[in-house]
Amino acid sequence: MPKIQARTEYYSGCMPLSRRAFLGTVPAALGAQSAAPAGINRRDVVSRHNPTLRELDPRSPLSVGNGEFAFTADPTGLQTFPQPYETQMPLCTQSQWGWHTAPNPTGKGQADLRLAEFDTFGRKVGYATSSGGQKQLFDWLRENPHRLHLGRIGFAIDKPEDVHFLQQTLDLWSGTLHSEFEWRGHKITVETCCHPTEDMIAVKIHGRIPVVFEFPYGSSAMNAADWAHPKKHGTRQLEADPNSLNLDRRLDEDTYTVRIAWPDIAAAIKRESAHRFILTPAADRLAFCCAFRNPRQRAGYSAVTPAAAFAAAERHWSAFWTSGAAIDLSAAPDPRARELERRIVLSQYLTAIQCSGSMPPQESGLTCNSWYGKFHLEMHYWHAAHFATWGRPALLKRSLGWYNAILPAAREKARQQGYMGARWPKMTSPDGRDSPSGVGTLLIWQQPHPIAMAELIYAAHPTGDTLARYRDIVFESAEFMASYAHYEAHHDAQSARYVLGPPVIPAQENHPPRETWNPTFELEYWDYALGIAQRWRERAGLPRKAKWDDVRAKLSALPVKDGAYLAHENCPQTFTGRNRDHPSMLGALGVLPGRKVDRETMRRTLRKVFAEWRWADTWGWDFPMVAMTAASLKEPALAIDALAMDTPKNTWLPNGHNWQRTNLPLYLPGNGGLLLAIAHMVRENAFPKNWNVRHEGFPPFV
């Protein structure tokens, strides 16, 4: 079985939703967990995986962030040399609220898009799967709104050849990026951090060198920026004094403000062009904060100094690492263990800065744009469920509450299609509008996710407040699920059953919707989530829903052929011709408890997947999913082999990013999936016995 190579040190060449609308104040997020008992030296485990770079690596820049805001830097500690990164891993400054909507050239909206009709057991149901002759509108709806690069901050260095990179290290324990380089023979040291509760970076510089602040127009491209059209947007100076400058940014109907402050430092800032400002220190020392704000969310800026920001970041990250769970693989004799531990540590950091915000993250988080910056709700579980399984449920709570905000739109979507309850979108933005797609609009496996995640929160906090917070999400999700399941009556009552689809596209997306029904993973997920929803009704003092119980009792059996599970009931053969994309049938056991699963059938399926799957055509979360199935089957060697698979989509860069392809240079579902798998392996005691794994702080409901 292909294996991870032993790691050697790598030296590399604006939306109106409020972040506080869901949990109250943000400061309760990263650090507000109970400290775990003493045992593992967590600082040693974390610090031995601090990423270190010694030259510019366009695929592996380092980021600082807080879940709502992130800043990605080159080896200068800022965004001085963006060009080499543009097609590899763009250097962006992004936030949860920072979106741009380009002018609509059609004058039409979602309601005007012609839908493709699919026969659904004798009735027609419309889905936005094709342009229907409205390509311009179709494309505009897909691309808007798109996430925005809020502004580039870099040094005023005209010639890259004047720079010699020395070393850059991200200190994970304090959340501080330390950078050293030589410029024109002078050593420059830079420290960069992100404030834990403000959309702000703080920077300390030793060495006299000017800093540039510049701002782009919006773009749906991977770099989230258009630098070629300065007249399409505006940057207006507001208040200014000797130690600060406030700016107002206007992009069509979107707006935000920026504050640059350098308290107690002698420096001067001047406007060089319409969207470019240069801050020049009077001596060889400079410290500043740069904060971004959506004025529709919050008014005014806090008076945070650079020193206070660094102190807050250090408190924040030390609290994060000492909370929740930890695992130490250093005693394992297998050379793959150190690399696996590195991925685990960096995945905790990356998901905390990218996936713990007030809305579900896009697949590339707050680093750069993928699918225009929109988030995919079928991936929300893979991004964020691990927070609860690692004993940090507050980080999951932050985004789960967002479903309440879009509940009216989800109910309307279900109603328009003739269903009850709420149907959650697949690819969406903060407004919850489902983006048109030839595939996405026909997916259903995002539907049970909010139920499963709400149950994780309840397991951590079994209170009336938890029930009240998420009950509408749970009940409306289940109501749609029961309504979506179609009852096939037969003259023999024992043969009557509920079926899922057609039309449906399963998690393994390469199946035609009109010829697909009863996908294995979705059947199991329907059973699992409806069972949870019934328990929530009982906890709330409500009677069980008879329809939900009836659907569970009569739901179709998981489809089997030749002794293995199929992707769906109408598969002509087990894998042939369909052994690519996600081997989603495995998710029925591992990701889920597998109440309907026969263990030996699943064991045969697992081994068949290992032998026959086209691993180069999978995705980053597939390897953790396979590992979870193996763990549930008490196959620890296969679980490690799955996580260690040597194949392109299981590439892990020096910064911890799970690389997928050129236009998807990081894939956070792979990071979150790894953490889910590790927690599941702890629960199932599914590490090889000679690995001598030490762990602590994992909650019993993992």
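The values are calculated or read from the model by the stated rules, or taken from the named source; none is laboratory data. Source: prediction; values computed, not measured. Don't worry about glycine lacking a Cβ; one is built from the backbone with ideal geometry, like all the others, and counts go over all protein chains shown.
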Those residues of segment 28-42 which are farther than 11 Å from Val345 by Cα, at pLDDT 95 or above and either exposed (fewer than 14 other Cβ atoms within 10 Å of the Cβ) or within 25 Å of the chain's Cα centre (by Cα) (or both), in sequence order: Asn41
When segment 130-162 is examined, which residues are found to be at pLDDT 95 or above, in contact with a helix residue (DSSP H, G or I) (Cβ under 6 Å, 6 or more places away or on another chain) and surrounded by fewer than 21 Cβ atoms within 10 Å (Cβ to Cβ)? Glu143
Do you know which of the residues in segment 92-129 that are surrounded by fewer than 14 Cβ atoms within 10 Å (Cβ to Cβ) and basic (Lys, Arg) is nearest to the chain's Cα centre (by Cα)? Lys124
Would it be correct to say that Asp622 is charged (D, E, K, R) and crowded, with 22+ Cβ neighbours inside 10 Å? yes
Are any residues in segment 605-627 of a type in the set (Gly, Ala, Ser) and under 16 Å from Ala639 (Cβ atoms), and if so, which ones? Ala627
Check whether at least one residue in segment 658-681 is under 29 Å from Thr52 (Cβ atoms), more than 19 Å from the chain's Cα centre (by Cα) and assigned to a helix (DSSP H, G or I), and report yes or no. yes
Mind listing whichever residues of segment 239-271 are assigned to a strand (DSSP E or B) and more than 35 Å from the chain's Cα centre (by Cα)? Glu239, Ala240, Asp241, Ala267, Ala268, Ile269, Lys270, Arg271
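Okay, residues lined up against (1) assigned to a helix (DSSP H, G or I); (2) in contact with a Ser or Thr (Cβ under 9 Å, 6 or more places away or on another chain); (3) under 26 Å from Ser556 (Cβ atoms):
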{"site": "Glu600", "(1), (2), (3)": "yes, no, yes"}
{"site": "Val609", "(1), (2), (3)": "yes, yes, yes"}
{"site": "Met628", "(1), (2), (3)": "yes, no, yes"}
{"site": "Ile640", "(1), (2), (3)": "yes, no, no"}
Looking at Leu400, Leu407, Leu377, Leu366, which is the one that is farther than 27 Å from Ile640 by Cα, surrounded by fewer than 21 Cβ atoms within 10 Å (Cβ to Cβ) and modelled with pLDDT of 95 or more? Leu407
